[in-house]
Amino acid sequence: MTMDLALIVAGMALVTYVPRWLPLFLLSRRRLPQWFVQWLDLIPAAILSALIVPELFVSGEPRSLVLFQQKSLVALPVLLIALKTKSLGLTVVSGMLLFWLAGKIL
Amino acid sequence: MENCGGSRTAFRDGVKAAWPICLGYVPIGLAFGILAQKAGMHPMAAGAMSLFVYAGSAQFIAVSLLCTGAAATSIILTTLVVNLRHLLMSSSLAVHLQGVGRGFLSLFAYGVTDETFAVNLARFTAGRWHPRQAVVVNLVSGAVWTGSSIAGALGGEFIPAGAFGIDYALSAMFICLLVIQLRAPIHVVTAVISGAAAAVLCLEIPGNSHVIYASLFGATAGFALLKLKKHGRGGGKEKEP
């Protein structure tokens, strides 16, 4: 039983580690072609948006699109604060505060 | 780099950069610990999973699969699929880790998560970030993740859910990190395409593979637009010091 669990954890650790390690191992020692660097430069904005947009606008099980809800409404002032300050700490703290307040009101 | 002073300042800088991540990891780690404990896992087993796997969503899925008595192979395969998105993140980070030793890279790779990736990349892009500081972000966040998982498994049910809006910490962090990445119009276009694609895809595909598909689609579409308009204000010319 615990042996099984240990094997599962080991297997999960391995299949999680390899995708994290392989690109670093392969790509950090060679000159990358210019087009690839340009494409990679767009990846962070793409990934962050792909992570946060569903997080804010999709809810429930089964998932459905909910445009106006607590987390998406709070996102608007948080976005403005982020644009204005570019400060991670300030955005996180004010986001938490606003979300907490919104929870009290809504 | 300016911090030839050594590992002490690197550690301090890393912790400073990591605190928003840690703030977000605490409630999720606690929740994971509670769930793991309810699934019959020993607190140390929950801690071991957080320490060795260090991938939030995959761990939640694994624990719920464990509850349903799923086979080990299907749990491991699901983990692989859920975590394939890190391929893209490590590829992006590789641009900033040119010529770094392979032993160091192997340690660094361990701690590449959605959150550490985003924080480190923002710092690397801003230009004043050293791999040593970045690896501190990875490891400190991992320690907090593991610690809060164990704490959750030991007695997480005593903590009120949703206290102080802490559940929103990571969402707010990602919003700010996305804003930091929007350095040129092409980044905005890419983010809009990718975000819309992710929202639509996640309704259709279970799990979180929509993140990979939408990111690949968004970045490729943005790249194509950049090439179509040669004067597209070259968002991609990246020259690091």
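Computed from the coordinates by the stated procedures, all read-outs in this text should not be read as laboratory data. All values derive from a computational prediction rather than experimental measurement. A quick note on method: Cβ atoms are made from the backbone with ideal geometry, for glycine too, and the neighbour counts reach across all protein chains shown.
Let me know the shape class of chain A, please: from the alpha-carbon gyration tensor, a ≥ b ≥ c as square roots of the eigenvalues, rounded when a/c is under 1.5, otherwise prolate if a/b is greater than b/c, or oblate. In terms of gyration-tensor shape, oblate. Length available on full extension from B:C67 to B:V81: 0.36 nm per residue minus the Cα-Cα distance, which gives 3.1 nm.
Evaluated with a Cβ-only charge set (Lys, Arg +1; Asp, Glu -1), the protein assembly as shown carries a dipole of roughly 1280 debye about its Cα centre, given to the nearest 20.
Every helix of 4 or more DSSP H residues in chain A counts as -39500 (n - 2.57), and over all residues that averages to -27500 deg cm²/dmol at 222 nm. With charges only on Cβ, +1 for K and R and -1 for D and E, what is the dipole size of chain B about its Cα centre, in debye, rounded to 20? I would put it at about 900 debye.
Taking amide H positions as modeled 1.01 Å from N, with prolines and chain starts lacking one, the residues under 5 Å from A:V58 and 5 or more places away or on another chain are A:V66. Exactly which trypsin sites (Lys or Arg not before Pro) in the range A:21-68 are in a DSSP loop and have at most 11 other Cβ atoms within 10 Å? Within the range A:21-68, the qualifying trypsin sites (Lys or Arg not before Pro) (loop, at most 11 other Cβ atoms within 10 Å) are A:R30, A:R31. What shape does the protein assembly as shown have by the C-alpha gyration tensor, where a ≥ b ≥ c are the square roots of the eigenvalues, rounded means a/c under 1.5, and otherwise prolate means a/b greater than b/c and oblate the rest? Rounded. Across the alpha-carbon set of the range B:168-208, the Rg to Rh ratio works out to 1.05, Rh being the Kirkwood radius. Of the residues B:L178, B:V95, B:V137, the one whose Cα sits farthest towards the positive end of the charge dipole of the range B:53-198 is B:V95 (charges of +1 on Lys and Arg Cβ, -1 on Asp and Glu Cβ, taken about the Cα centre). So for chain B, Kirkwood radius off the Cα pairs, Stokes-Einstein at 10 °C and 1.306 mPa s: how many µm² s⁻¹? Approximately 82 µm²/s, per Stokes-Einstein. In summary, the range B:83-135 shows an alpha-carbon radius of gyration equal to 1.02 times the 2.2 N^0.38 Å reference for compact globular proteins. Couplings 3J(HN,Hα) for the range B:59-71, derived from phi with the Karplus relation 6.51 cos²θ - 1.76 cosθ + 1.60 (θ = phi - 60°), are 5, 4, 5, 4, 5, 5, 5, 4, 4, 7, x, 5, 6 Hz, where x marks Gly and Pro. Label point of B:K229 set 7 angstrom out along Cα-Cβ; within the range B:188-211, amide nitrogens under 20 Å from it belong to B:188-197.
Here the spin labels are modelled as points 7 Å beyond Cα on the Cα-Cβ line, and at B:V15 and A:W35 they lie 4.7 nm apart. Restricting to DSSP H runs of at least four residues, report the calculated mean residue ellipticity at 222 nm for chain B, -39500 (n - 2.57) per run over all residues, nearest 500 deg cm²/dmol. It comes out at -24000 deg cm²/dmol, rounded to the nearest 500.
The HN-Hα couplings worked out from phi for the range B:148-153 by the Karplus form 6.51 cos²θ - 1.76 cosθ + 1.60 (θ = phi - 60°) are 6, 5, 5, 4, x, 5 Hz, whole numbers, x standing for Gly and Pro.
What pairs from A:K104/B:K16; A:K71/B:K229; A:K84/B:K16 go past 29 Å between their alpha carbons? Pairs exceeding 29 Å: A:K104/B:K16; A:K71/B:K229.
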